[in-house]
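First comes the structure, then the notes that go with it.
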Amino acid sequence: MTTLTLSQHAAPGGLALDGSGPAASVELRGLSLAYAGRPVLDGLDWRLLPGQVVGLLGRNGVGKTTLLEALLGLRDARAGSATLFGQPLATLDDATRARIGFVPQQSQLFDWLTPRQLLAYFRSFYPKWNGPKAEALLARWEIPQDQQIAKLSGGQQQRLSIVRALAPEPDLLVLDEPVSSLDPIGRRDFLRELVEQVLDRGTTVVFSTHILSDLERVAFNVAFLAHGKIAVQAPLAELMDDCRRLTGPASRVDAHLRAQGLTPLSRRELDAGQVAVLAAHADATLPEGLHAERLSLEDLFAELTQ
Amino acid sequence: MSESLAFSINPGSPEPIYRQLMEQLRRRVASGALVAGQELPSVRELALALAVNPMTISKAYGLLEAEGLLERRRGLSMVVAAKHRHARSQAERIALLRPALQQAAEAARQLEVGPRDALELFKTILQEEPK
């Protein structure tokens, strides 16, 4: 793995990839959006390619939900453009809309219906509907079909919301904290279902979660949202292989970065004139007084979402 | 998937999952638990069993193929390469253990845990049931 591949992937919004490759499932350019007068997305560029499974990471309140909703056209951007499968979001046709599955953070189900009624209702909107799959998931995930949705547990409602999103066999699946109410076994089973979608249909998946262990298993790519932009998007394994956290006195760290021609991905001031930087740094001998360490996903999260 | 191929995935470590898989396969071949011609689970099977992205499995298999540990048979199945007919020698297996212990030694030094206590702990861990 070279530092070159990493720096390409690490270019903001993956701009290095512009103009080449297959049509993106999602393409956002210069997206800006304010919420209650406060800017949330600030000229954000983002590109998701077919078949990619991308984990969206960011601190609480940084705008992950806003970004996912804007990507689906549920929020109006102040500036910028969004296309899904090559079509401008504003004029998306029904056929393209039907290729998208969304599991919102708060399941928005019609809770006076039963799961059976709900699925029958949604079925009428989609050209494709995998009934047997929906049935199998309901049975496996122990969702009673004929009980009022309002009376289901939080976990059951969340699973029903996932079944509803998967049944139309979407080409793009957007999941906002889909597993927050599921227990570890339920989460593992859900992850298997995602893996199967990817294997069978090459579905593009983007999901946000704070459960990093789940994300590490299933997301081949990770995107870090900070200050209204995608700070870094790259294959997680490459980030872990190539990145080191260098710590030491600021002047020495900076001199070393300059000498190696490295641009740090993040920088954090520590006590007593020390800094910690994240850089694509091969395991090489370090100048005296500098320390390099490998990072787990949690460490990457801490450094890249500050 | 047979019991002997029950991989353990450790999310949260600085070791990417594809490397964890590679290391576990190398060890099984070295110990003779996996021998020449033995078929590995397909990418699909393993991805579903471990709930891991299929590209992560492909990456591990592909790199082990390049390394000469695995071979791709007609179709897509992966088998242990022909040259790995027997378990590696004791000396070679010990050499494979060295990097893991080196890391542990580094941690012990940083924590200023002396050799006697560190060895005592290692003995205890060796006797524990595997996770």
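Residues that are more than 9 Å from the chain's Cα centre (by Cα) and either aromatic (Phe, Trp, Tyr) or more than 8 Å from chain B (Cβ to nearest Cβ) (or both) within region A:195-213 comprise A:197, A:200, A:201, A:202, A:203, A:204, A:210, A:211, listed in sequence order.
Looking at A:113, A:138, A:182, A:173, which is the one that is surrounded by 15 or more Cβ atoms within 10 Å (Cβ to Cβ), in a helix (DSSP H, G or I) and in the same structural domain as residue A:212 (by TED's automatic domain parsing)? Please lay out each step first, then the result.
Numbers: A:113 fails: in a helix (DSSP H, G or I); A:182 fails: in a helix (DSSP H, G or I); A:173 fails: in a helix (DSSP H, G or I).
Only one candidate qualifies: A:138.
Restricted to helices (runs of 4 or more DSSP H) entirely inside region A:218-306, those with at least 3 residues that are of a type in the set (Asp, Glu) and within 26 Å of the chain's Cα centre (by Cα) are A:236-242, A:297-304. All conditions in (1) surrounded by fewer than 21 Cβ atoms within 10 Å (Cβ to Cβ); (2) within 14 Å of another protein chain (Cβ to nearest Cβ) hold for residue B:56, with the sole exception of (1). Residue-level check: of (1) away from chain B (no Cβ under 14 Å); (2) more than 23 Å from residue A:222 (Cβ to Cβ), residue A:264 misses just (2). Here region A:171-194 is the region considered, the condition is being closer than 14 Å to residue A:64 by Cβ and modelled with pLDDT of 90 or more, and the residue that is nearest to the other protein chains (Cβ to nearest Cβ) is A:175. If we scan region B:94-106, do we find a residue that is over 23 Å from residue B:31 (Cα atoms), of a type outside the set (Phe, Trp, Tyr) and exposed (fewer than 11 other Cβ atoms within 10 Å of the Cβ)? Yes, the conditions are met somewhere in region B:94-106. I'm told residue B:78 meets every condition in (1) buried (at least 17 other Cβ atoms within 10 Å of the Cβ); (2) away from every other protein chain (no Cβ under 12 Å); (3) under 15 Å from the mean Cα position of the chain (by Cα) except one. Can you identify the failing condition by its number? Unmet condition: (3). Only one of the numbered conditions (1) closer than 23 Å to residue A:51 by Cα; (2) away from chain A (no Cβ under 14 Å) is violated by residue B:50, and that is (2). Per the conditions (1) surrounded by 18 or more Cβ atoms within 10 Å (Cβ to Cβ); (2) away from every other protein chain (no Cβ under 14 Å), the sole criterion not satisfied by residue A:278 is (2).
Residue B:32 fulfils the conditions (1) surrounded by fewer than 16 Cβ atoms within 10 Å (Cβ to Cβ); (2) within 14 Å of chain A (Cβ to nearest Cβ); (3) over 25 Å from residue A:222 (Cα atoms) except for a single criterion, (2).
Counting only residues that are of a type in the set (A, V, I, L, M, F, W, C) and out of contact with any helix residue (DSSP H, G or I) (no Cβ under 8 Å at 6 or more places or on another chain), region A:211-261 holds 6 of them. Annotation: of all residues in region B:1-22 being away from chain A (no Cβ under 14 Å) and either exposed (fewer than 15 other Cβ atoms within 10 Å of the Cβ) or on the phi > 0 side of the Ramachandran plot (or both), the one that is modelled with the highest pLDDT is B:6. Checked against (1) within 16 Å of the chain's Cα centre (by Cα); (2) exposed (fewer than 13 other Cβ atoms within 10 Å of the Cβ); (3) modelled with pLDDT of 90 or more, residue B:70 meets all criteria but (2). Looking at (1) farther than 24 Å from residue A:64 by Cβ; (2) within 14 Å of chain B (Cβ to nearest Cβ), can you tell me which one residue A:240 breaks? The failed condition is (1). Quick check: anything in region A:287-302 within 14 Å of chain B (Cβ to nearest Cβ), hydrophobic (A, V, I, L, M, F, W, C), farther than 30 Å from residue A:71 by Cα and in contact (Cβ under 8 Å) with a residue 40 or more places away in the chain? Yes, that holds for at least one residue.
The values are calculated or read from the model by the stated rules, or taken from the named source; none is laboratory data. Quick caveat: nothing in here was measured; it's all calculated off a predicted structure. Ideal geometry is used to build each Cβ from the backbone, glycine not excepted, and the neighbour counts take in all protein chains shown.
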